[in-house]
Amino acid sequence: MIIKEFSADGFKNLKNIDLSPAPGVNVIIGENAQGKTNLLEAIWILSGAKSFRGTKEKEMISFDGEYARLGALFEDSQRVQRIEAVISKNPRERRLSVNGVKQRYFSGLFGLLKCVVFTPEDLNLTKGPPEARRSFIDLCISQIKPAYSKTVLKYENVLLQRNTLLKNLALRQGTEADLDIWDEQMARLGAYISVIKYQYTKKLSLYAGRLYSELTSGKEDLKLEYRSSIYEDMSNFTDQWAELTKIYLDSLIASRGEDIAAGFTTAGVHRDDVSVYVKGISVKDYGSQGQNRSAALSMKLAQAYILCEETAEMPVILLDDVLSELDRSRREFIISKLKDMQIFITCCEPVARLKGKRYEMSGGRVLNKQR
Ligand SMILES: Nc1ncnc2c1ncn2[C@@H]1O[C@H](COP(=O)(O)OP(=O)(O)O)[C@@H](O)[C@H]1O
Ligand SMILES: [Mg+2]
């Protein structure tokens, strides 16, 4: 997958950006606060995913403007496509199109322009809170199966309703039987999500494990395990839906008392986690900073490799300020592993030995473009 043209104007501080990126490495150099991350974020938004820095749509528009305009012409193994977007402070004036065909929401762009982004926060993936790992796995799966994100939204909606009811029950409003309808939906959606996440984690473990071994020259090994808050062991019956749904439902019913007391749903996919082991030991609890970083990098690289394998398209890689955070061997490893993909790299200083097209960014503009 290659972005051949990219334009942005009025997206945060970006002004009149109009690039013809190289098919290989593109390096964006500039001082702090010049708009380098904004540029990667603008590309990322066209992939249809939520902002990787949590920016809401309104915040994407320049402080002193009314609109943000984005456009990309990109080529995958099948065809050349064009995405155009106009974001307005008035959501009714939002204009999105793919090859000239109107789309209502950014999520409608999902699955077209495939990107994988690496940010400095990602280096904290194994060390950080379970929430980060949950949303990482959700994103990885959504990129492969865009419909999965809709199931997750439905689950979140049911969870919200169930939690509201639990709070009411604590105040003696309603009866426990009112939970039936939510528990039943939650079990169905939750069982499905658990299985998909379990299966993805298995694959991620395989890929990230290989990468980690290579990164440590075979000295250490990495394994991931999906930790369900409902199922003890999923390895034996991942396709037995009736059985899985029943166990989920029984577990929800069994924890009703506890849930009412807590005021929220104490078990379910929203509480699951992924455990990461290096040499059989939890890297979060006992690993060094270096081991945690290597584990996180291996997981992110594995995301790109699995996406590539499952969709038969190489994603565009966005590396935001990650290289400066890494030592030379990890830096060279990551670049060598991504060498066949189109990459956009931001950094404050020119990284020696990094060949590619160079852009200088200042005040939201891309200055002299040179090869
Ligand atoms: N909505 C906005 N309108 C205009 N400027 C913005 C907006 N949101 C953020 N910025 C500006 O973008 C700059 C940060 O850009 P960023 O891409 O994070 O810089 P860096 O080059 O360090 O990656 C800040 O100066 C900030 O004020
Ligand atoms: Mg930045």
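Hey, got the Cα dimensions of segment 130-286 along the principal axes, in Å, largest first?
Principal axes ranked by extent give 61, 33, 26 Å for the Cα atoms.
How many angstrom separate the Cα center of segment 263-284 from the Cα center of segment 4-41?
37 Å
Working from the alpha-carbon coordinates of segment 94-135, get Rg over Rh, Rh being the Kirkwood radius.
On the Cα set of segment 94-135, Rg over Rh gives 1.18.
Which of the listed residues, TYR198, PHE333, THR126, is farthest toward the dipole's positive end in the chain, when Lys, Arg count +1 and Asp, Glu count -1 at the beta-carbon?
PHE333
Length gain on complete extension for the stretch THR164 to LEU73, per 0.36 nm per residue less the alpha carbon to alpha carbon distance?
Net length gain for the segment: 28.2 nm.
Using R₀ = 35 Å, calculate the FRET efficiency as 1/(1 + (r/R₀)^6) where r is the Cβ-Cβ separation of THR175 and GLU232; round to 0.05.
The value I calculate is 0.70.
Report the full-extension gain for the segment ASN90 to SER107: residue separation times 0.36 nm, less the Cα-Cα distance, to one decimal in nm.
My answer for the length gained is 4.3 nm.
Any number yet on Rg/Rh for the chain, C-alpha, Kirkwood?
Ratio of gyration radius to Kirkwood radius for the chain: 1.00.
Counting C-alpha atoms alone, how compact is segment 96-193: give Rg to one decimal and Dmax as a whole number, in angstrom.
Using the Cα atoms of segment 96-193, the pair Rg, Dmax is 18.0, 55 Å.
Give me a comma-separated list of calculated 3J(HN,Hα) values for segment 213-223, in order, Karplus coefficients 6.51, -1.76, 1.60 applied at θ = phi - 60°, integers in Hz, x for any Gly or Pro.
Result, ordered by residue: 4, 5, 5, 9, 6, x, 7, 10, 10, 10, 9 Hz.
Choose one of LEU211, ASN157, THR238: the residue whose Cα lies farthest towards the positive end of the charge dipole of segment 130-286 (beta-carbon charges +1 Lys, Arg; -1 Asp, Glu; about the Cα centre).
LEU211
Modelling each spin label as a point 7 Å along the Cα-to-Cβ direction, I'd like the ALA262/ASP221 distance in nm, to one decimal.
Simple spin-label model gives 3.4 nm for this pair.
Which of SER142, PHE264, LEU222 sits farthest toward the positive end of the charge dipole of the chain, with +1 on the Cβ of Lys and Arg and -1 on the Cβ of Asp and Glu?
Looking along the dipole axis, the top candidate is SER142.
Return the tail of the calculated pair distribution for segment 252-327, meaning the percent of Cα-Cα pairs more than 17 Å apart.
Result for the distance tail: 66 percent.
I'd like the Kirkwood hydrodynamic radius of segment 24-102, using the inverse of the mean 1/r over distinct C-alpha pairs, in Å.
After inverting the mean inverse Cα-Cα distance, the result is 14.0 Å.
Working from the pairwise distances between different alpha carbons, so that the mean of 1/r is found and then inverted, what is segment 158-238's Kirkwood radius in Å?
The answer is 15.5 Å.
Once you list every other residue whose beta carbon is under 15 Å from the beta carbon of GLU232, what net charge do they have if Lys and Arg are +1 and Asp and Glu are -1?
-3
May I ask you to compute the full-extension gain from ASP285 to ASN32, defined as 0.36 nm times their residue separation minus their alpha-carbon distance, rounded to one decimal in nm? Walk me through the intermediate numbers first.
Working: separation 253, 0.36 × 253 = 91.08 nm, distance 3.34 nm.
Going from the current span to full extension adds 87.7 nm.
If you place +1 on the Cβ of every Lys and Arg, -1 on the Cβ of every Asp and Glu, and leave all else neutral, what size is the dipole of segment 130-286 about its Cα centre, to the nearest 20 Debye?
520 debye
Given a Förster distance of 25 angstrom, what is the FRET efficiency for ALA312 paired with ARG353, based on the Cβ-Cβ distance and rounded to 0.05?
Details: r = 31 Å, r/R0 = 1.25.
Step by step, r from the Cβ atoms, then E = 0.20.
Semi-axes of the equivalent ellipsoid of segment 35-166: what are they in whole Å, largest first, if each equals the square root of 5 times a C-alpha gyration tensor eigenvalue?
26, 19, 18
Every number in this text was worked out from the coordinates using simple rules, so none of it is lab data. These figures come from a predicted structure and were not determined experimentally. Positions of Cβ are backbone-derived with ideal geometry, glycine not excepted, and every protein chain shown enters the neighbour counts.
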